[in-house]
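Below you'll find the structure, written out as structure tokens, and then a few comments.
The values are calculated or read from the model by the stated rules, or taken from the named source; none is laboratory data. Bear in mind that the values here come from a model prediction, so they are computed numbers and not experimental data. All Cβ positions, even for glycine, are placed from backbone atoms using ideal geometry, and neighbour counts span all protein chains on display. Surface accessibility is based on the protein's heavy atoms, side chains included, excluding ligands, DNA and RNA. Shrake-Rupley method; radii C 1.70, N 1.55, O 1.52, S 1.80 Å.
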Amino acid sequence: MLDLNTLAEFSRGNCVSICAFLVPANLLVTILTMSLVALRRPSYQVWQSAGIASFFASVMILHVYTWFQIGVVMAPTYILLWLAITCLVTNLAAILFQRRYSNNPSLSNNA
């Protein structure tokens, strides 16, 4: 069975490594999602990119909550939480934007 206490201790013990991976991964995949929408790529590519970005952001939120669980309330915890939530909202907005404007002929380059 999965022991959440051990998982939380692992998360806190390897914080620098986890954050060193998750921060750039969140930013890069979220930028990729926005780029795919701007380039009008197919929906499945946008959804795939947004799904990966949302997974990374969710893992970061869980990682930050392990610190909140033991009472660590510092600027980096709030900054990481803000980054993860911003990435989640940006990916959701990219999906909604792509769904709304994908078939709008007034936004095409063919005048």
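Mind listing whichever residues of region 38-66 are within 30 Å of Leu4 (Cα to Cα) and β-branched (Val, Ile, Thr)? Give the steps one after another, and end with the answer.
Restricting attention to region 38-66, the residues satisfying the condition of being within 30 Å of Leu4 (Cα to Cα) are 47-66.
Passing the criteria: Ile52, Val59, Ile61, Val64, Thr66.
Considering each of Leu92, Leu62, Leu22, Leu27 in turn, give the residue that is surrounded by 17 or more Cβ atoms within 10 Å (Cβ to Cβ) and in contact with a helix residue (DSSP H, G or I) (Cβ under 8 Å, 6 or more places away or on another chain). Let's see the steps before the verdict.
Values: Leu92 fails: surrounded by 17 or more Cβ atoms within 10 Å (Cβ to Cβ); Leu62 fails: surrounded by 17 or more Cβ atoms within 10 Å (Cβ to Cβ); Leu27 fails: surrounded by 17 or more Cβ atoms within 10 Å (Cβ to Cβ).
Just one listed residue meets the conditions, Leu22.
For the structure I just gave you, tell me whether Ala75 is under 14 Å from the mean Cα position of the chain (by Cα) and among the aliphatic types (A, V, I, L, M).
Numbers: under 14 Å from the mean Cα position of the chain (by Cα): no; among the aliphatic types (A, V, I, L, M): yes.
When the stated conditions are applied, Ala75 does not pass them.
Kindly indicate which of Leu96, Leu92, Leu36, Leu27 is touching a Ser or Thr at 6+ places or on another chain (Cβ under 6 Å), assigned to a helix (DSSP H, G or I) and aliphatic (A, V, I, L, M).
On the way: Leu96 fails: touching a Ser or Thr at 6+ places or on another chain (Cβ under 6 Å); Leu92 fails: touching a Ser or Thr at 6+ places or on another chain (Cβ under 6 Å); Leu27 fails: touching a Ser or Thr at 6+ places or on another chain (Cβ under 6 Å).
Every option except Leu36 fails the conditions.
When only residues in region 74-88 that are open to solvent by less than 90 Å² (accessible area, probe 1.4 Å) and either out of contact with any Ser or Thr (no Cβ under 9 Å at 6 or more places or on another chain) or of a type in the set (S, T, N, Q) (or both) count, which is nearest to Met34 (Cα to Cα)? Even if it seems obvious, please write down each step before you answer.
Residues of region 74-88 that are open to solvent by less than 90 Å² (accessible area, probe 1.4 Å), as a first pass: 75-77, 80-81, 83-88.
Add one more test, that the residue is either out of contact with any Ser or Thr (no Cβ under 9 Å at 6 or more places or on another chain) or of a type in the set (S, T, N, Q) (or both), and what stays is 75-77, 80-81, 83, 85-86.
On the way: Ala75: 28, Pro76: 26, Thr77: 26, Leu80: 20, Leu81: 20, Leu83: 16, Ile85: 16, Thr86: 13 Å.
Filtering first and then ranking leaves Thr86.
Out of Arg41, Arg12, which single residue is at negative phi, surrounded by fewer than 19 Cβ atoms within 10 Å (Cβ to Cβ), assigned to a loop (DSSP other than H, G, I, E, B) and not hydrophobic (A, V, I, L, M, F, W, C)? Don't jump to the end; show me each part of the working.
Details: Arg12 fails: assigned to a loop (DSSP other than H, G, I, E, B).
Matching residue, one of Arg41, Arg12: Arg41.
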